[in-house]
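For reference, the structure discussed in these notes is given below.
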There are 2 protein chains.
Amino acid sequence: MKPDQKYEEYKMLMGRIADLDFSNAVLGWDQQVYMPKNGAEGRGRQMATLSTLSHELFTSEKLESLLRSLNEDSTLDDSQRFNVQRSLKDVVRKKKYSEAFVSEMALTTSKAFGAWQEARSKRDFKIFEPLLSKIVELKRQEADFLGFEGHPYNALVEDYEPGLRVSKIDEIFDQVKRELFPFTREIATRFKPDTSFLTKTYPKSKQWEFSKRIIEKMGYDFESGRADDAPHPFCTTFAPGDVRITIRSAENEFNMMLFAAIHEAGHALYELGLPQEEHYGLPKGSALSMAFHESQSRFWENSVGRSFSFWKGQYATLQNLFPENLGAVSLESFYRGVNAVEPSFIRVEADELTYHAHIYIRYLIEKALLAKEIEVKDIPAFWNERYQEFLGIRPSHDGEGCLQDVHWSYGSFGYFPTYSFGSFYAAQLHASMKRDVPDFEGKIERGEFNSILKWLREKVHIHGKRYPTDDLLTRVTGEGLNVVHFMNYVREKYAQLK
Amino acid sequence: MKPDQKYEEYKMLMGRIADLDFSNAVLGWDQQVYMPKNGAEGRGRQMATLSTLSHELFTSEKLESLLRSLNEDSTLDDSQRFNVQRSLKDVVRKKKYSEAFVSEMALTTSKAFGAWQEARSKRDFKIFEPLLSKIVELKRQEADFLGFEGHPYNALVEDYEPGLRVSKIDEIFDQVKRELFPFTREIATRFKPDTSFLTKTYPKSKQWEFSKRIIEKMGYDFESGRADDAPHPFCTTFAPGDVRITIRSAENEFNMMLFAAIHEAGHALYELGLPQEEHYGLPKGSALSMAFHESQSRFWENSVGRSFSFWKGQYATLQNLFPENLGAVSLESFYRGVNAVEPSFIRVEADELTYHAHIYIRYLIEKALLAKEIEVKDIPAFWNERYQEFLGIRPSHDGEGCLQDVHWSYGSFGYFPTYSFGSFYAAQLHASMKRDVPDFEGKIERGEFNSILKWLREKVHIHGKRYPTDDLLTRVTGEGLNVVHFMNYVREKYAQLK
């Protein structure tokens, strides 16, 4: 086979794997948005089979020998060489997974999702506990067979932010505990805006009318995506031209739909900006990391969606939609209201400051579970005590406590820290963007988001996985991760909010 | 390997194939009900990949040698032996398909679906013609490599009603032309009921409220299924506990939603009654044939849903839902209205008599295309001439003519005759059921459908593919297909409709 043919053969194989994975994503999406109850068992086995087949292809001798041969090929261009090297690294890692493990994990998590749903609605952790215990046991096995230095958590974080280690996460969170947590307490104590208008009645269809208008302005195109109701908002990719989001809403909680829609659309715009057509199923065509993904969604949600400039431009429209709720509420009052800082139970509804305490608590639990310092049965008590410690509040039941997140039912351990890291990356990108994009605040105010999206596409999206996170941050912002940008951002913002 | 282990290994392999096929069904369903426009290309390649992988597994040496070995095993029970023999027969047939052919067909039909949609909405056959020509070319190749005696159409019908041949279809349709078509003309001429109330405004949500009530009474359970809007009503199975239907509606055409919902629910009840859990992905757990499938949907739609007893029981509820439309319409008038016989353009909205002319025309076209007596470009003229000949009407554009059906875009040739055969089987089953089920009409009137469903489950559903159609009909009704039952049914019904 000629080198060119080999690269084409590699692309074809990776394309098949992507086809299986994207198909599995469709099944997973349907499971959450439309599947009837009695479909769960069949869906579980089908998703397990697709995972197994994908795993078989990805760890086949054929692909590995092709990659080893291509890895010696000096005629590849930069993108090709990167794809080959990164795929080889991924194959070596994936080969550590046995077929039995992959299949058992898929089957377990599929059952766990149903159990989690039931447990959450009945506020009964016991319903979820046996399957979560099984998942934790599997994750411990996974860390062991993947191998790690230091903490077993390191083995799992690699899936969500390659290269990140517990030592770095601890270092960052030490700074967060030292600087952000006291700052958050200070703001929560002195800044008590009126938020009563946010819990008036906002009919779902009108909320969606406004949310849709905003995400379309951001550049989300409903010919390449759609939005459906789900118990947990998420973004999922089925094809280069089919990236969907889910939303949830409550008529008496204005914040729930809009900011989640902006957030998920931020994820979607990243996916739609990746060079997926040219590099279908290849590293260069794929998102850098979950943490970097989160930088995109957080940027749109907070740096844009919760900014004063944004509301200066959009508030009149919102007032016109809901005159009875907002007619007497000034722009300034509204802006203060959507930026209220108050310890609360539900992570996805938390403000941008207290949010990181939610993450830190989950991180502590995951780390302790992996290190066998606690067991699954200990989670509710551990959770509630940490909420008391870091947020000063204690959940009255597990539905608003440790049952609120879907992640563990998927077997996602090591994911949560990426939410905080994403925010920190977002603030760093935001600081650079303000320097690069002329009349930045004016554009946000006028809802002219295209030059912002263009900046993100050219600086970030187009590279896929090409550069490791700190390299990409350095290329774009001149330095690796530096939490000072996030602290500057929140200090500046809240200095003006009295 | 011991025989028991071999059978388990066979079940496992077939289960994997079923997992791929059911996954593909989810992708196909989503393609029609929710997929955004720009997802089409990716979806096409993904469905092609799943088809290819399923085909690879089904035609693998591993499965065939397992089947050949099991075929010699005398310790298998009746169901096991049947599953093995039937699977072996199917494998031999499927091995005639090359991987390239399967993949090309999947890719072509996926593109063709989009083209058909566009062509239909723009009423422009030219948009669909190139891809349909490609499909017909592929179907001719398919008939050739499958092999056939007599007409090439015989090779394709086998997928939808095994054992059925052009000679038999022609014989049946000769009788239909001789007896049903003149009878239809006579009824259409003398029976002119008022149907104006059917085209008043029936809000979609209230139509659905009534339709849902009826299909739930039939035994369709929304914990094992759901209904979504689609341009073409269909039923699709994703798992033993997840069988979905799609519906379409028009506010000014009462007939469109209800009868299609009953029809599709009839399909769904068949799927849900198959022994799918025990025989997941195996012949015994699968529907006998498309024609037999149609017997189930037609039975519910016509023998039940268009019967006088049914409306005697349900009409008051419908009147209460739509008092402004139906308050002044008597039960008898309504019954006459929904049984009006009138030549019309759209097959899925046709009455039970003219319906078979629609089918016959499609059959003639398919047969002529396969035999190269006509080409795709000739379809519109051929179609319109036959409508003139058999129904006395001529479509004013291809949207109400040869672009109305989705089937050809899927590559389904040989499918249409099963609609008529299904009706004929349904009438034959209906005649037996009336003898077997005490107080049959009274039960229909009271909406007590459970003993009817029980009869179908025990006599028909539970057997899956175990008996060939004529054998099953003989077991259940005492004879093979006999169109006299259908003619008796329509003669008796219309004798009372003046």
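Place the label 7 angstrom along Cα→C-beta at B:Arg248 and in each other copy, then list the distances from the first to the rest in nm, shortest first.
Relative to the other copies, B:Arg248 has label-point distances of 3.5 nm.
Apply the Karplus parameterisation 6.51 cos²θ - 1.76 cosθ + 1.60, with θ equal to phi minus 60°, to every residue of segment B:319-332 and state each ³J(HN,Hα) to the nearest whole Hz, in sequence, with x for glycine and proline.
4, 5, 6, 10, x, 5, 8, 10, x, 9, 9, 6, 3, 4
Please give the Cα centre distance for segment B:10-71 versus segment A:111-184, rounded to the nearest Å.
Measuring centre to centre over Cα atoms gives 34 Å.
Accessible area lost on pairing A with B, both sides, 1.4 Å probe, Å² to nearest 100?
Values: alone 20280 and 20290 Å², together 37470 Å².
The contact between B and A buries close to 3100 Å².
How would you classify segment A:154-268 from its alpha-carbon gyration tensor, with a ≥ b ≥ c the square roots of the eigenvalues: rounded for a/c under 1.5, else prolate if a/b is greater than b/c, otherwise oblate? Spell out each step's value before the answer.
On the way: a/c = 2.82, a/b = 1.18, b/c = 2.40.
Judged from the Cα gyration tensor, segment A:154-268 comes out oblate (a/c at least 1.5, b/c at or above a/b).
Magnitude of the Cβ-charge dipole of chain A, K/R +1 and D/E -1, about the Cα centre, nearest 20 debye? Can you show the working numbers first?
Details: 65 positive and 73 negative charges, 114 e Å.
In debye, rounded to 20, chain A gives about 540.
Hey, got the dipole for the protein assembly as shown? About the Cα centre, +1 on K and R Cβ, -1 on D and E Cβ, debye to the nearest 20? The partial results should precede the final answer.
Details: 130 positive and 146 negative charges, 199 e Å.
Using only the charged Cβ atoms, the result is roughly 960 debye.
May I ask you to report, in nm to one decimal and beginning with the shortest, the distances from B:Gln496 to the same position in the other copies, taking label points 7 Å along Cα-to-Cβ?
Sorted ascending, the copy-to-copy spacings read 7.9 nm.
With bins 10 Å wide starting at 0, give me the P(r) of the protein assembly as shown over every alpha carbon pair, in whole percents.
Binned Cα distances yield the sequence 2, 10, 18, 22, 19, 14, 10, 5, 1, 0.
Ignore the peptide's own chain and count Cβ atoms of other chains within 10 Å of each Cβ in B:240-250; give me the average, rounded.
Values: counts 4, 9, 12, 3, 4, 0, 0, 0, 0, 0, 0.
Shielding by partners across B:240-250 averages 3.
Using +1 at the C-beta of Lys and Arg and -1 at the C-beta of Asp and Glu, which of A:Met257, A:Gly392, A:Ile365 has the Cα lying farthest in the positive direction of the dipole of chain A?
Most positive-ward Cα: A:Gly392.
Along the charge dipole of chain B, which of B:Ser303, B:Tyr335, B:Ser133 sits closest to the positive end, that is, farthest toward it, with unit charges on the beta carbon of Lys, Arg, Asp and Glu (+1, +1, -1, -1)?
Checked the options; the winner is B:Tyr335.
Given H placed 1.01 Å from N in the peptide plane, which residues other than close sequence neighbours of B:Ala250 have an amide H under 5 Å from its amide H?
Correct list: B:Met256, B:Met257.
Just checking the output field for B:52-62: average partner chain Cβ neighbours within 10 Å of each residue's Cβ? Spell out each step's value before the answer.
On the way: counts 2, 7, 0, 0, 0, 1, 0, 0, 0, 0, 0.
Mean number of neighbouring Cβ atoms from other chains: 1.
Where in segment A:1-31 does accessible area fall by at least 30 Å² between the isolated chain and the complete protein assembly, at a 1.4 Å probe radius?
A:Arg16, A:Asp19, A:Leu20, A:Ser23, A:Val26, A:Leu27, A:Asp30
Using protein chains only and a probe of 1.4 angstrom, how many square angstrom of A:His232 are accessible, to the nearest 10?
In the full protein context, A:His232 sits at about 20 Å².
Hey, any idea what % of chain A's accessible area is carbon plus sulfur with a 1.4 Å probe? Mind showing how you got there, number by number?
Numbers: 8990 of 18730 Å².
Exposed carbon and sulfur together represent 48 percent of the surface.
Please work out how much accessible surface B:Arg466 shows to a 1.4 Å probe, ignoring ligands, DNA and RNA, in Å² rounded to 10.
Accessible area, nearest 10 Å²: 50 Å².
Which three semi-axes in whole Å describe the equivalent ellipsoid of chain B, each the square root of 5 times a Cα gyration tensor eigenvalue, listed largest first? Could the numbers behind the result be given before it?
Working: eigenvalues 253, 152, 103 Å².
For chain B, the ellipsoid semi-axes come out as 36, 28, 23 Å.
Treating only the Cβ of Lys, Arg, Asp and Glu as charged (+1, +1, -1, -1), what charge dipole size does segment A:61-124 show about its Cα centre? Round to the nearest 20 debye. If you can, show how the numbers build up before the last one.
Details: 13 positive and 11 negative charges, 81 e Å.
Computed charge dipole of segment A:61-124: roughly 400 debye.
Hey, what's the Cα Rg ratio for segment B:11-152 versus the globular rule of thumb, 2.2 N^0.38 Å? Don't skip to the answer; put the middle values down first.
Values: Rg = 18.2 Å, N = 142, 2.2 N^0.38 = 14.5 Å.
So segment B:11-152 has a normalised radius of gyration of 1.26.
Pairwise over distinct Cα atoms, reciprocal of the mean inverse distance: report the Kirkwood radius of segment B:58-129 in Å, one decimal place. Walk me through the numbers before you get to the answer.
On the way: mean 1/r = 0.0661 Å⁻¹.
After inverting the pairwise mean of 1/r, the radius is 15.1 Å.
For segment B:358-439, just list the percent of Cα-Cα distances falling in each 5 Å bin from zero outward, please.
Pairs per bin, as whole percents: 3, 13, 20, 21, 15, 8, 7, 6, 5, 2, 1.
Each residue of segment A:341-349 in order: what ³J(HN,Hα) in whole Hz does its phi give by Karplus 6.51 cos²θ - 1.76 cosθ + 1.60, θ = phi - 60°, with x for Gly and Pro?
Computed from phi, the couplings for segment A:341-349 are 10, 8, x, 8, 8, 9, 3, 5, 10 Hz.
How big is D, in µm² s⁻¹, for segment B:16-82 by Stokes-Einstein at 10 °C and 1.306 mPa s if Rh is the Kirkwood radius over C-alpha pairs? Could you put the intermediate results ahead of the total?
Details: Rh = 14.1 Å.
In µm²/s, the coefficient is 112.
Amide H to amide H, which residues 5 or more places from B:Asp229 or on other chains are under 5 Å from it, using H placed in the peptide plane?
Here the answer is B:Ile247, since their amide H atoms fall under 5 Å of that of B:Asp229.
With a 1.4 Å probe and every protein chain left in place, work out the accessible area per residue of segment A:386-470 in Å², rounded to a whole number.
Roughly 35 Å² per residue, with all protein chains present.
Rounded, prolate or oblate for segment B:116-165? Axes are the square roots of the Cα gyration tensor eigenvalues, ordered a ≥ b ≥ c, and the cut-off for rounded is a/c under 1.5.
On the way: a/c = 3.99, a/b = 2.31, b/c = 1.72.
Prolate, since a/c reaches 1.5 and a/b exceeds b/c.
With a/c under 1.5 counting as rounded, go ahead and sort segment B:257-407 into rounded, prolate or oblate using the C-alpha gyration tensor (a ≥ b ≥ c being the square roots of the eigenvalues; past the cut-off, prolate if a/b is larger than b/c, else oblate). Numbers along the way, then the final one.
Working: a/c = 2.80, a/b = 1.16, b/c = 2.40.
Judged from the Cα gyration tensor, segment B:257-407 comes out oblate (a/c at least 1.5, b/c at or above a/b).
The values are calculated or read from the model by the stated rules, or taken from the named source; none is laboratory data. In this text, all values refer to a predicted model and were calculated from it rather than measured experimentally. Positions of Cβ are backbone-derived with ideal geometry, glycine not excepted, and every protein chain shown enters the neighbour counts. Note: areas computed on protein heavy atoms with side chains; ligands, DNA, RNA excluded. Shrake-Rupley method; radii C 1.70, N 1.55, O 1.52, S 1.80 Å.
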